[in-house]
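For reference, the structure is listed below as structure tokens.
Throughout, read-outs are computed from the coordinates displayed, never taken from laboratory work. As the structure is a computational prediction, the values presented were derived from the model and not from experiment. All Cβ positions, glycine included, derive from the backbone under ideal geometry; neighbour counts span all protein chains shown.
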Amino acid sequence: MAPAPKLKLAVWKFASCDGCQLTLLNCEDELLAIADRVDIAEFREASRAVAQGPYDLSLVEGSITTVRDASRILEIRRASKTLVTIGACATAGGIQALRNFKDVNDFISLVYASPQYIDTLATSTAIAAHVRVDFELRGCPIDARQLIEVIGAYVHGHRPRTPSHSVCIECKQRGTVCVMVARGTPCLGPVTHTGCGALCPTYHRGCYGCFGPMETPNTGSLSEWWGHLGVREEDVVRAFRTFNADAEAFRREAQAHEH
């Protein structure tokens, strides 16, 4: 019997810190199990070797922040059978999406000594705002276990299965005492997508929302409870405007408390 054809994998970078690509590089031991089934055709973080498309699977890190970005993602989509976005930048615009709530020219004039050389869009947007995305893997950075699940799923020809519940469920599974109930610590865990292993609550800190909103999050109820804890309106806005500021549920809740 002839061996199964290798999956042609490409990894692409847009505006980001490279943390999600580094997560992939740190999975070398786990990837050995499927190394004979994957051909890495494009991955500038790891190799200068480049193979032309089409690609069976493209992993895309980063947000769209320039006209060139907006054009290049269209090219990648056309060359990719399956396109998966990885990380908060690619799925929600990232921390750089904070520009979406202000005039980007104000930031440019404050940060750069020669702002006339900067060519950028007024907004930072998720990949899905520009092209069809087949699957989104959230996190800042992504979780290595979920990443291996995604790659392995496409190698074996089925859709990835990653949990969609909140960080609160992870706390219960770990036996972690709720920091909001026991300590009065504001926590985004009830509305945040699982994936981190409830890392911050394990160390008695509130969740920062690194993995973005869970499915159907009740952000309004959470903000009301924060009010009982004495959290100010401006601090509610600040909490929802971090790594996933432009994710729809977090964006709407922040705007509801902005004056």
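For the reader, a short list of remarks on this structure follows.
- Global geometry of segment 167-256, whether rounded, prolate or oblate, following the gyration tensor of its Cα atoms and the 1.5 cut on a/c: oblate
- Put simply, the chain fits an ellipsoid with semi-axes of 33, 25, 14 Å; these come from the alpha carbon gyration tensor as the roots of five times its eigenvalues, largest first.
- Max-minus-min Cα coordinates of segment 87-194 on each principal axis give 53, 46, 19 Å, with the largest extent listed first.
- Mean separation of Cα contacts under 8 Å, 6 or more apart, over the residue count of segment 27-169: relative contact order %: 26
- Entry note: segment 7-155 has Rg to Rh equal to 1.00, where both radii use alpha-carbon atoms and Rh is the Kirkwood radius.
- Largest GNM mean-square fluctuation across His158, His193, His130, computed for the chain with C-alpha springs under 10 Å, falls on His158.
- Where only alpha carbons of segment 158-207 are counted, the Rg and the Dmax (Å): 11.3, 43
- Under the convention that each Lys and Arg Cβ holds +1 and each Asp and Glu Cβ holds -1, the size of the dipole of segment 7-155 around its Cα centre is about 440 debye.
- Dividing the summed helix terms, -39500 (n - 2.57) for each DSSP H run of n ≥ 4, by the number of residues in the chain produces a 222 nm estimate of -9500 deg cm²/dmol to the nearest 500.
- Alpha carbon centroid spacing (whole Å) that separates segment 145-207 from segment 46-76: 29
- When the charge dipole of the chain is built from unit charges on Cβ atoms (+1 for Lys and Arg, -1 for Asp and Glu) and taken about the Cα centre, the candidate among Leu229, Ala198, Ile40 whose Cα reaches farthest toward its positive end is Ile40.
- Unit charges at the beta carbon, dipole of segment 7-155: most positive-side option, Ile108, Ala144, Leu9: Ile108
- Charge dipole magnitude, Cβ of K and R +1, D and E -1 - segment 124-240, Cα centre, debye nearest 20: 280
- Relative to the longest principal axis of the Cα atoms of the chain, the long axis of helix 67-79 makes an angle of roughly 50 degrees.
- Computed over the chain, relative contact order equals 17 percent, with contacts defined as Cα pairs under 8 Å that lie 6+ residues apart.
- For the chain, built as a Gaussian network whose Cα springs stay under 10 Å, the top-fluctuating residue of Arg48, Arg238, Arg68: Arg48
- Charge dipole (debye, nearest 20) of the chain; +1 at Cβ of Lys and Arg, -1 at Cβ of Asp and Glu: 260
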